[in-house]
Ligand code: GLY
């Protein structure tokens, strides 16, 4: 286990890399904790929850909504959770987002921590403090930026991770490589999904490297006035497609990244489009898709990254170097 304490603007977060769920008893007081998980994680790992107060939610992005928040709050009241209670989200991005959000509003804010169980949550969703819920077709429309007290890794959860969840995680890993780390991009090109699925050490190193890429970006710009926007590479179109076409997050942002590299080619003279598209396909991700541009542009008009008639689009100058490009929404419509 490696412990790192990361300082954000008004909070410190303890990262326990290559740890284990057994450490939870050492990090928090079992009597003053409530674990929040979903039916999938609970079903596969029920014995790990023995002795802990636990709330089990239905699994899936469609449950990252206000009714689920209300249901958790009602259960917390029933359990007599108070301001000394720590909430621990054990699951993928839906569970970490929801837990962080509930903890931020329950009794005006209580402590929380995460045990991310999916590759995507390990490298992305558990990090950065953005926690919230979806409203209809608008993803993450309601939420907060508030850091967890700790993030505890236990890679045993990857043993039961479905194949599509591996691909989802790799979409964010490829994103990090494309915007920030050309040497990791090359390493990914040299390997494939099955290599990381078989080699625990390789996936463990990859997870830590990605967690630290995201952490560094967030540390430099926690409230997203500049640099943090780069993490939205592939996400602008991706989020609009995800809610409209019931794609997984990884599939949606993979299509979003493909579109963003085409736009990068047109507007920034980006010359490595085929490398990005090939890498996404190498990791089993979709790249091109047919969609209704009117439907998608309507969602984009409500995007949080929109400023007046412009939307901040993330483009690549080269692999490992991303830039923010404000693009007129009407112009975007023509290029879709
Ligand atoms: N919770 C994910 C983020 O802060 O970006």
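Only the coordinates and a few stated rules stand behind these numbers; no lab work does. Here the structure is a predicted model, which means the values were calculated and not measured. Neighbour counts run over all protein chains shown; Cβ positions are idealised from the backbone, glycine included.
Here is how the numbers come out for the structure above:
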{"item": "Segment residue 25-residue 246, extension gain: residue separation times 0.36 nm, minus the distance between their alpha carbons", "result": "75.8 nm"}
{"item": "For the range 245-295 versus the range 141-189, the gap between their alpha-carbon centres in whole angstrom", "result": "18 Å"}
{"item": "Helix axis angle, 200-220 relative to the chain longest principal axis, alpha carbon, degrees", "result": "80 degrees"}
{"item": "Potential lengthening between residue 267 and residue 325 on full extension [0.36 nm per residue; Cα-Cα distance subtracted]", "result": "20.0 nm"}
{"item": "Over the chain: helical MRE at 222 nm, DSSP H runs n ≥ 4 each giving -39500 (n - 2.57), nearest 500", "result": "-13500 deg cm²/dmol"}
{"item": "Isotropic mean projected area of the C-alpha convex hull, the range 1-76 (nm²)", "result": "6.7 nm²"}
{"item": "Amide N of the range 81-98 lying under 18 Å from the label point, which is placed 7 angstrom from the Cα of residue 11 along Cα→Cβ", "result": "82-98"}
{"item": "Whole-number percent relative contact order across the chain, with pairs defined as alpha carbons under 8 Å at least 6 apart", "result": "15 percent"}
{"item": "Degrees separating the helix 273-282 axis from the principal Cα axis of the chain, which is the longest one", "result": "40 degrees"}
{"item": "Rough spin-label spacing in nm, given labels placed 7 Å along Cα→Cβ, for residue 2 and residue 135", "result": "4.1 nm"}
{"item": "Fully extended contour minus Cα-Cα distance, from residue 74 to residue 199, at 0.36 nm per residue", "result": "40.7 nm"}
{"item": "Packing rank of 287-295, 202-210, 116-124, where each peptide gets the mean count of other beta carbons within 10 Å, highest leading", "result": "116-124, 202-210, 287-295"}
{"item": "Sequence ranges 138-145, 303-310, ranked by mean other-Cβ count within 10 angstrom, highest first", "result": "138-145, 303-310"}
{"item": "Dimensionless Rg over Rh [the chain; C-alpha; Kirkwood]", "result": "0.96"}
{"item": "For a label point 7 Å along the Cα-to-beta-carbon line of residue 144, residues of the range 33-48 with backbone N under 20 Å", "result": "33-37"}
{"item": "0 to 90° range, to nearest 10: angle between helix 66-78 axis and the chain longest Cα axis", "result": "10 degrees"}
{"item": "Values of log10 I(q)/I(0), in the order q = 0.17, 0.21 Å⁻¹, for the range 194-292 under a Debye, Cα-only, solvent-free model", "result": "-0.97, -1.22"}
